[in-house]
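This report concerns only the one structure given below.
Throughout, read-outs are computed from the coordinates displayed, never taken from laboratory work. Please read these numbers as outputs of a predicted model, since none were measured by experiment. All Cβ positions, glycine included, derive from the backbone under ideal geometry; neighbour counts span all protein chains shown.
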Amino acid sequence: MLVALLLAAPVAPPTPEARAGKVLAATPVVDGHNDLPWEIRQTADGHVEAVDLNTSTATGPRPLQTDWPRARAGHLGGQFWSVYIPAGSLGPIAVQQTLEQIDIVHRLAARYPQVMMLARTAADVRRAQGAGKIASMIGVEGGHQIDGRLSVLRQYHALGAGYMTLTHFKSLAWADASTDAPRANGLTEFGRNVVREMNRLGMLVDVSHVSDATMAAALAITKAPVIASHSDARALSGAPRAIPDDLLRKIAENGGVVMVNFALSHLSSAWRAWDVARQAYARSAGVPDDVYGAKAPAPLVAWDREHPAPRVTVATVADHIDYVAKIAGHDHVGIGGDLDGIGGLSPEGLSGVDGYPLLFAELARRGWSDADLAKLAQGNILRVMEAAEAVARSMAGTPPIDATDPG
């Protein structure tokens, strides 16, 4: 009788946290954008050996958002490491700095072979995860880094670059940024050749940072799905760097993926308005406006105390993910946190690479299925990578494009 009663007793459904943990254990996060290489350049002058990622880097004179203990806790299974350089670095120095950044990624992989495995393809990512390692890809964050030369683009690809963001903060002669005056009014013929050559190589075309016109032009010409490696929904925040609904739909039609960013200014219009007011006060007080928290100049610490920043939380990020899924579909959303690229400012609960489970638990709480959570974690970006690889195979007989930017 007791056995029968026990068998008949209802089984409690798994908690959102348990569901998130189970999904991420099987399909760990492949994140579209992390700026650790630049932080190592800034923190340690590029000396990889001077930063110990085997221990927590969350504290210290210049805390980081990435280390291996937190990566394990966060179920990080793949990362596009950004080889960012400032948008103001132009000409041959841009190429030199990019090569130095690529070198940092290679040196990280050589120093931590038990943790990192360099990867180029979706199959490589799966092999790395099967070996219990973080699949490590490379993303070039801005077309200014090729110095107007497709030969340079090809060499970055030969060194492992898996995507290039067409612009960063500044417009180029051949492509426009979302945060600068237009120069190309979309893409020039050279800009279109950049997209064609990336298709031929199998590099992902990244439309984060670009203007609406440039994004539309790239979508019109690419043969492969695009990515937005670290972007958000403009309808929720009004941020010019975020993507409007019509282009979210076009990315879905293209088969691409929008990887949601954790930057406070992109996520929240209230936070951005607060920051604009804070910057205005800093200018009036004659102090730097880009330092936050206890390390800020005394006048700003006092101003912050009187004007608390609006809260931006895991739920705010989930709102953007939900919205992209609503407009573009669950097959077209991913994670591109921009950790170590957002100045230490991040939503509550997402201060480092250990925060992904909280985000996935929030989405599970909202009714996301395990299958859709797995797509968000890695399924969608791996599908896009495989599609780009297929396009490159179909173009194997196409000769390299011999072009330089006349601008």
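Where does the Debye-calculated log10 I(q)/I(0) of the stretch 82-121 sit at q = 0.30, 0.31, 0.35 Å⁻¹, using only Cα point scatterers of equal weight, no solvent? With one equal scatterer per Cα and no solvent, log10 I(q)/I(0) is -0.96, -0.99, -1.13. Contact order normalised by length for the stretch 141-209, with contacts defined as Cα pairs under 8 Å and 6 or more residues apart; what percent is it? Reported relative contact order: 33 percent.
Partners of Lys22 within straight-line reach, counting lysines whose Cα lies under 29 Å from its Cα and excluding those fewer than 8 residues away in the same chain: Lys133, Lys326, Lys375.
For the stretch 99-143, the calculated P(r), taken from all Cα-Cα distances in 5 Å bins from zero up to the bin holding the longest distance, is 5, 25, 27, 23, 14, 5, 1 percent. Just report the Cα centroid separation between the stretch 284-352 and the stretch 109-166, whole Å. One Cα centre to the other: 27 Å. Cα centroids of the stretch 354-401 and the stretch 37-65: 29 Å apart. Just round it to a whole percent: the fraction of Cα-Cα distances in the stretch 262-344 exceeding 20 Å. Result for the distance tail: 43 percent.
Our helix-only sum for the chain, with -39,500 (n - 2.57) per DSSP H run of n ≥ 4 divided by its residues, gives a mean residue ellipticity at 222 nm of -13500 deg cm²/dmol. If I take every Cα pair under 8 Å that is 6 or more residues apart in the chain, average their sequence separation and divide by the length, what percent do I get for the relative contact order? Computed over the chain, the figure is 21 percent. Full extension of the chain between Asp103 and Arg283 gives 61.0 nm of extra length, using 0.36 nm per residue less the Cα-Cα distance. Ranking Thr15, Leu64, Gly256 by Cα position along the charge dipole of the chain, where only Lys, Arg, Asp and Glu carry charges on their C-beta atoms, puts Thr15 farthest toward the positive end. For Trp81, the residues whose amide H sits under 5 Å from its own are Met137, Ile138, Gly139, ignoring neighbours fewer than 5 places away on the same chain, with H placed 1.01 Å from N. For the stretch 149-196, the Kirkwood hydrodynamic radius comes to 11.3 Å, computed from all pairs of different C-alpha atoms. The P(r) of the stretch 1-108 has a tail past 24 Å containing 45 percent of all C-alpha pairs.
What the phi angles of the stretch 87-94 give under the Karplus curve with 6.51, -1.76 and 1.60, with θ = phi - 60°, is a coupling list of 5, x, 7, 10, x, x, 5, 5 Hz, glycine and proline written as x. Relative to the current alpha-carbon distance between Arg62 and His307, full extension at 0.36 nm per residue lengthens the span by 85.7 nm.
Annotation: amide H-H contacts under 5 Å for Ile134 (H modelled 1.01 Å from N, sequence separation of 5 or more, or interchain): Met116, Met117. Kirkwood analysis of the stretch 151-296, using all unique Cα-Cα pairs, places the hydrodynamic radius at 16.4 Å. Each residue of the stretch 326-337 was assigned a 3J(HN,Hα) from its phi angle through the Karplus expression (A = 6.51, B = -1.76, C = 1.60, θ = phi - 60°), giving 5, 7, 9, x, 5, 7, 10, 9, x, 10, x, x Hz with x at Gly and Pro.
For the stretch 210-359, the Stokes-Einstein estimate of translational diffusion at 4 °C and a viscosity of 1.567 mPa s comes to 79 µm²/s, using the Kirkwood hydrodynamic radius over alpha-carbon pairs.
For the stretch 293-307, 3J(HN,Hα) computed residue by residue from phi via the Karplus equation (6.51, -1.76, 1.60; θ = phi - 60°) reads x, 5, 7, 5, x, 3, x, 6, 4, 5, 5, 4, 5, 7, 10 Hz, glycine and proline entered as x. Computed from point charges on the beta carbon alone (+1 for Lys and Arg, -1 for Asp and Glu), the dipole magnitude for the chain about its Cα centre is near 580 Debye.
Please report the base-10 log of the normalised intensity I(q)/I(0) for the stretch 287-407, using a Debye sum with one equal scatterer per alpha carbon and no solvent, at each q in 0.16, 0.23 (1/Å). Result of the Debye calculation: -0.89, -1.30.
Principal axis extents of the Cα atoms in the chain, from largest to smallest and rounded to whole angstrom, are 84, 60, 45. Around the amide H of Gly334, modelled in the peptide plane, lie the amide H atoms of Val258, Met259, Val260, all under 5 Å away and 5 or more residues distant in sequence or on another chain. Suppose R0 equals 45 Å; then what is the FRET efficiency for Thr398 and His47 from their Cβ-Cβ distance, rounded to the nearest 0.05? Efficiency, rounded to the nearest 0.05: 0.65.
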